[in-house]
Amino acid sequence: MQRITTLSLALGFAIATAGTAAAQVKFGVGGPITGPSAATGAQMKNGVDQAAEDINKAGGILGQKITVAYGDDVSDPKQGVSVANKFAADGIKFVIGHYNSGVTMPSSEVYQENGILAITPASTNPKVTERGMWNIFRVCGRDDQQGAVAGAYILKHFKGKKIALVHDKTTYGKGLADEVRKAIAKGGVKDVLYEGINTGDKDFSALVSKIKQSGADLVYWGGLYTEGGFIVRQMRDQGVKAILMGGDGITSDEFASVGGPGVEGTLMTYGPDPRNKPEAKKVVEEFRAKKFEPEAYTLYSYAGVQIIKQAAEAAKSLDPKKVAEKMHSGMKFKTVLGDISYDKKGDITKLDYVMYIWKKDASGKINYVECPGSDCSKVK
């Protein structure tokens, strides 16, 4: 018997379905379809839609066509639980979601109670997979890995410099900033400023004044692209020249749109750009033919559907628990991200982070560019 709360069904929830078939396997996309992280929601939605279209053209999964429903969590944990309960009520068995770690964690508990398997393309907080749950996986790395890469870069390239850390108080943002803080502390570096801000804020003049007073040479930002963009813009407006550094949460063209010219030179950790992988070439061309650039978590979401398909076929079953068993078995999955396999917790078995720098291209647009050998001084 499914456990579904009546209250959550009454909460604001937007859902739509695509595709029809006599025999169907129901997928859900849970993410920020609207709100400040809507650009990422669009990536997740488009990634899953394209994967479903391609798989359905090839006959579906075990002869069943994929249908897709969309749940808008607006990057809010309570709304994420509402989405999860609605998915359970609608008989959805597989979810690609959510985006924010603080949303993924409570939502995945609802999924576990209702026998639903979930793969997050983007939630990097280590606790997501540290809770002993059978049903939660990710196709991205973890913040302890990401923080170690960022910390090592700071220790090597900002030796003797003043480091400030700012976070958005969320599970993801504070967790990531704390991992970086831990990594630089091991190298003997103590931050000159450690500050939290509130998501949704747009006026960071008080924060920028503190950064200026601290004399920071580098500001590490644990948070997402919207607030990060506002912070770097206001730093430049107040004459603060400190370099901003962030994690995968700023991996969006929207970061440059919000932050303006001042984002140039920003450093960032993210996985090797999947758009450059030979396994993704055909799919990237499909997206671009539809005038959608498959940046950031688009291909991560696509890969999640590929993994479920291959695991279901190996299990000869669409039972989520049997699919999860195959995923935990060490089986290697062929995806647009390359080969992926899982450990017993639901984490990928390879390190997934390299360094990027935001640079102006020949057209004058500021984009993130992967740094050769994770040395951003080599990017001209």
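Nothing in this text is a laboratory measurement; each read-out follows from the coordinates by a stated rule. Since we're looking at a predicted model, the values are computed, not measured. A quick note on method: Cβ atoms are made from the backbone with ideal geometry, for glycine too, and the neighbour counts reach across all protein chains shown.
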Quiz item: Quick one: if you stick a label point 7 Å off each Cα along the C-beta vector at Ser377 and Ser257, how many nm between them?
Solution: 3.5 nm
Self-check item: Other-chain or far-sequence residues with amide H under 5 Å of Gly246's (modelled H)
Solution: Trp221, Leu267, Met268, Thr269
Quiz prompt | Pairwise label distance in nanometres, Thr349 with Lys210, each label 7 Å out on the Cα-Cβ vector | solution = 4.4 nm
Quiz prompt | Charge dipole of region 115-202 about the Cα centre (unit charges at C-beta), most positive-ward option of Val180, Trp134, Gly200 | solution = Val180
Quiz item: Using the Cα gyration tensor of region 166-250, with a ≥ b ≥ c the square roots of its eigenvalues, what is the shape: rounded (a/c below 1.5), prolate (a/b larger than b/c) or oblate (neither)?
Solution: oblate
Quiz prompt | Derived scalar couplings ³J(HN,Hα) [region 365-380; Karplus, 6.51 cos²θ - 1.76 cosθ + 1.60; whole Hz; x for Gly, Pro] | solution = 7, 8, 10, 8, 10, 5, 8, x, x, 6, 10, 6, 5, 7, 8, 8
Quiz item: Taking the chain as a whole, which cysteines find no other cysteine Cβ under 4.7 angstrom from their Cβ?
Solution: Cys140
Practice problem: Give the shape of the chain as rounded, prolate or oblate, defined through the alpha-carbon gyration tensor: a ≥ b ≥ c are the square roots of its eigenvalues, a/c under 1.5 means rounded, and otherwise the shape is prolate if a/b is larger than b/c and oblate if not. | Solution: prolate
Quiz item: Tilt of helix 225-237 relative to the longest C-alpha principal axis of the chain, in degrees (0 to 90, nearest 10)?
Solution: 10 degrees
Quiz prompt | Within the chain, helix-based [θ] at 222 nm, where runs of 4 or more DSSP H residues each add -39,500 (n - 2.57), nearest 500 | solution = -12000 deg cm²/dmol
Quiz item: In straight Cα distance, which lysines are under 23 Å from Lys345, not counting same-chain residues fewer than 8 positions off?
Solution: Lys93, Lys127, Lys174, Lys309, Lys316, Lys321, Lys322, Lys326, Lys332, Lys334
Quiz item: Once label points are set 7 Å from the Cα along Cα→Cβ at both Leu62 and Asn367, what is their separation, rounded to one decimal in nm?
Solution: 4.1 nm
